[in-house]
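Enquirer: Have a look at the structure that comes next, please.
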Amino acid sequence: MKTIKVRNQNKEIAVGKMICVGRNYADHAKELGNEVPDKPVVFIKPASAIIYSGEKIIHPKFSNNLHHEVELVLLIGKTIKEADEKLSEESIAGYGLGLDMTLRDLQNEAKSKGDPWTLAKCFDTSAVLSDFVSKQNYTLSLNEEISLEVNGKIRQREKLNMMLFKPVQIVEYISSLMTIEEGDLIFTGTPAGVGKVAAGDKLHARLDGIAELDCEVA
C-alpha cells in the first residue's frame with residue numbers, strides 16, 4: 001500500500017487512485033500538437049506507480065523517450081460524487097507536488113492508433129510525490145510558481161493561474177464522472193517545457209509555498 005505524509009500531522013494517508021488531467025495549460029497542449037480542450041482530459045494512474053522524493057525513476061526498457069511533467073497535486077479528504085462547487089472545494093484536504101513521468105513514444109503511438117495511453121502513463125516509478133501541506137495550513141492563491149530543473153537547468157516554469165481549469169473546477173468535473181474517494185490524488189496538469197530525460201539526469205521540482213522534490217533517473 002502506498003501512502004503520503006501531510007506535514008505536521010503524525011499519520012500517513014493511504015493513496016487510492018490517482019486521477020490525472022492532461023492538456024491543462026494551453027502552451028503545453030500546443031507544444032505537443034494538441035488542440036486546447038474545452039473540458040478536462042482525464043486519465044488514471046495506479047498507486048503502484050508512486051515513488052517519493054529522493055528515490056529513483058527507473059527508465060523502462062520498452063521506451064526510448066521518457067518525459068518529465070511537473071504538476072500541482074490535490075489530496076482529497078472526503079468521498080464525493082456529483083459535487084457542486086462548494087462541496088468540491090471542501091473535499092480538497094491538501095496540496096503537494098508531483099511528477100507525471102510519461103513515455104512519449106508510447107503515448108504518441110497510442111494516440112495515432114486511437115488507443116488508450118495506459119502503457120505510457122502507468123509504469124512503475126511514473127508518479128513521483130513530495131509530502132503534502134494541509135489546506136488548513138496553506139491557502140492556495142494560484143499565484144504560486146511551479147518549476148522543474150534538469151541537471152540544474154530550468155525546463156518548466158509557470159504560474160498556477162495559467163491552468164485552463166482551476167482545482168475546484170477539476171474536482172467538480174471529475175466528480176460528475178466518477179466517485180472521488182478520501183485518499184485519492186488528483187494531478188492537475190503540467191505547463192509547457194516538457195522534455196526527454198535519460199539515465200543519470202537529476203530532477204529538482206519546486207512549487208512555491210508548498211513543496212520541493214528531488215529524484216534521479218536510473
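The values are calculated or read from the model by the stated rules, or taken from the named source; none is laboratory data. Note that the coordinates shown come from a computational prediction; the quantities given were computed from them, not determined experimentally. We place every Cβ from the backbone using ideal geometry, glycine too, and count neighbours over all the protein chains shown.
Enquirer: Anything in the stretch 1-54 that is more than 18 Å from Gln156 (Cβ to Cβ), touching a residue at least 60 places away in the same chain (Cβ under 8 Å) and among the polar types (S, T, N, Q)? List them, or say none.
Expert: Across the stretch 1-54, the qualifying residues are Asn8, Gln9, Ser48.
Enquirer: Now a separate question. Looking at Lys5 and the list (1) part of a loop (DSSP other than H, G, I, E, B); (2) modelled with pLDDT of 95 or more; (3) among the basic types (Lys, Arg), which single condition is not satisfied?
Expert: Going through the list (1) part of a loop (DSSP other than H, G, I, E, B); (2) modelled with pLDDT of 95 or more; (3) among the basic types (Lys, Arg), Lys5 breaks only (1).
Enquirer: Something else about it: Name the residue, out of Gln136, Gln107, that is free of Cβ contacts under 8 Å to residues at least 60 places away in the same chain and buried (at least 16 other Cβ atoms within 10 Å of the Cβ).
Expert: On the way: Gln136 fails: buried (at least 16 other Cβ atoms within 10 Å of the Cβ).
Sole residue among the options that is free of Cβ contacts under 8 Å to residues at least 60 places away in the same chain and buried (at least 16 other Cβ atoms within 10 Å of the Cβ): Gln107.
Enquirer: Name the one entry in Ala120, Ala199 that is at negative phi, buried (at least 22 other Cβ atoms within 10 Å of the Cβ), not polar (S, T, N, Q) and not in a strand (DSSP E or B).
Expert: Ala120
Enquirer: Residues being over 30 Å from Ile58 (Cα atoms), aliphatic (A, V, I, L, M) and touching a strand residue (DSSP E or B) at 6+ places or on another chain (Cβ under 7 Å): count how many of those fall in the stretch 125-146.
Expert: 1
Enquirer: Same structure, new question: Taking only the stretch 61-95 into account, find how many residues are out of contact with any helix residue (DSSP H, G or I) (no Cβ under 8 Å at 6 or more places or on another chain), buried (at least 21 other Cβ atoms within 10 Å of the Cβ) and hydrophobic (A, V, I, L, M, F, W, C).
Expert: Summing the residues that are out of contact with any helix residue (DSSP H, G or I) (no Cβ under 8 Å at 6 or more places or on another chain), buried (at least 21 other Cβ atoms within 10 Å of the Cβ) and hydrophobic (A, V, I, L, M, F, W, C) in the stretch 61-95 gives 3.
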